[in-house]
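Just below is one structure, and these are the notes that go with it.
The values are calculated or read from the model by the stated rules, or taken from the named source; none is laboratory data. As the structure is a prediction and not an experimental result, all values here were calculated from the model. Ideal geometry is used to build each Cβ from the backbone, glycine not excepted, and the neighbour counts take in all protein chains shown.
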Amino acid sequence: RKGKGEEKEFDWSTATFKKFLLKISYIGTNYAGLAHQLPSSSAPSSSEAVSAAENVPTVEGELMKAFLKTKLIKDVQSCGFSRCGRTDKGVHSSGNYVALFLRTKPKPAHPDDHYNYAQVINGVLPPDIRVLAFKPVPDDFDARFNCLRRVYKYFFVPFGMDLALMNQAAQHFVGEHDFRNFCKLDENVQHFTRRITSIVIEPCDANTAVATFTGTAFLWHQIRCMVSVLMLVGRGLEQPSVIADLLDVDKHPQKPQYELADPAGLVLFDCFFEGIHFDTSEHQQGPRGPADTFK
């Protein structure tokens, strides 16, 4: 028998689940990246996920804590979790996505009668993380592999930089290339070929410029590496042709040393999926927070 004030144990025996795609926004300043920091050798337990969120704060760690607290998932192992874009420490997002099985209403009035997941989850999330919208998806949907394209924006102060020259140099990146000289090498990644469909560098206002990158997928630190070299071109320290030279891996088989662009300017702006469009109307989201400023 439960004592007074003790939480009643939740009965999962009749719970039903459906996979949903959640659109999330976050300010990454206070987090060690998106992905929970857990040993890769074993699947995390629910208690490990909560402990990791407390010891090494990550966006996913906070999300898992929220899912568990609201009883939307029974445990971390069985929720079928997948992420779209894995962002690093200090990087922000106005439109990243995660997919997982969430508990549904026990007796819905119709198939589209769902809990307001955004409102429920935002009620227990920290203010710098927000669920903007949600959509039901097929059980085999994967947020990473079902993504058609991703858009990143890098905001910077263009003092002393020639934006036209940077734009000219950036066009060398467009197309399908081997980007091993523009990423942090990862022993788990054997293929460095990626496709970029467009890059546009333009002023936002008198003091800020933005570089917008659109592509199917990106390597670890790829955007920050590309921005770093583009800034060298903008300052006149390198010629635009340096991009084409470094993309020639036969000519430059080893990545040269150069400083990585600051993560604070990088935003995973949005990701796109076939046939999925989101309603991010105000009534769907619940309490507002700083993460709403990206909208």
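Restricting LEU34, LEU68, LEU63 to residues that are at pLDDT 90 or above and more than 16 Å from the chain's Cα centre (by Cα) narrows the list to LEU68. Before we move on, is ARG149 in contact (Cβ under 8 Å) with a residue 40 or more places away in the chain and charged (D, E, K, R)? Yes, satisfied.
Would you please name the residue that is farthest from the chain's Cα centre (by Cα), looking only at residues in the range 257-276 that are assigned to a loop (DSSP other than H, G, I, E, B) and over 12 Å from SER228 (Cα atoms)? This residue is GLY275.
Give the residues of the range 230-246 that are part of a helix (DSSP H, G or I) and either within 20 Å of ARG150 (Cβ to Cβ) or among the charged types (D, E, K, R) (or both), sorted by residue number.
Listed by number, the residues that qualify are LEU230, ASP245.
Screening LYS105, LYS89 for residues that are out of contact with any strand residue (DSSP E or B) (no Cβ under 7 Å at 6 or more places or on another chain), assigned to a loop (DSSP other than H, G, I, E, B), closer than 19 Å to GLY28 by Cβ and among the charged types (D, E, K, R) leaves exactly one candidate, LYS89. Report whether or not PHE159 is in the same structural domain as LYS255 (by TED's automatic domain parsing), under 20 Å from the mean Cα position of the chain (by Cα) and among the aromatic types (Phe, Trp, Tyr). So PHE159 does not fit the description; no. Within the range 91-100, can one find any residue that is over 20 Å from LEU266 (Cα atoms), crowded, with 16+ Cβ neighbours inside 10 Å and not polar (S, T, N, Q)? For the range 91-100, residues over 20 Å from LEU266 (Cα atoms), crowded, with 16+ Cβ neighbours inside 10 Å and not polar (S, T, N, Q): present.
Within the range 165-180, identify whether any single residue is closer than 23 Å to GLU274 by Cβ, among the aliphatic types (A, V, I, L, M) and surrounded by 14 or more Cβ atoms within 10 Å (Cβ to Cβ), and answer yes or no. Yes - at least one qualifying residue is present in the range 165-180. Whether a residue is in a loop (DSSP other than H, G, I, E, B) and either of a type in the set (D, E, K, R) or at pLDDT below 85 (or both) was assessed, and GLY3 passes this test.
Here are some residues: ILE201, ILE196, ILE223. Which one is in a helix (DSSP H, G or I) and under 22 Å from HIS92 (Cβ atoms)? The match here is ILE223.
Quick one: would you say ASP128 is closer than 30 Å to ILE196 by Cβ, in the same structural domain as THR58 (by TED's automatic domain parsing), in contact (Cβ under 8 Å) with a residue 24 or more places away in the chain and among the acidic types (Asp, Glu)? Spelling it out, ASP128 is indeed closer than 30 Å to ILE196 by Cβ, in the same structural domain as THR58 (by TED's automatic domain parsing), in contact (Cβ under 8 Å) with a residue 24 or more places away in the chain and among the acidic types (Asp, Glu).
For every residue, the table says whether it meets (1) within 19 Å of GLN168 (Cβ to Cβ); (2) buried (at least 21 other Cβ atoms within 10 Å of the Cβ).
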site: VAL189; (1), (2): no, no
site: CYS204; (1), (2): no, no
site: THR208; (1), (2): no, no
site: ALA211; (1), (2): yes, yes
site: THR214; (1), (2): yes, no
site: GLY234; (1), (2): yes, yes
site: GLN239; (1), (2): yes, no
site: ILE243; (1), (2): yes, yes
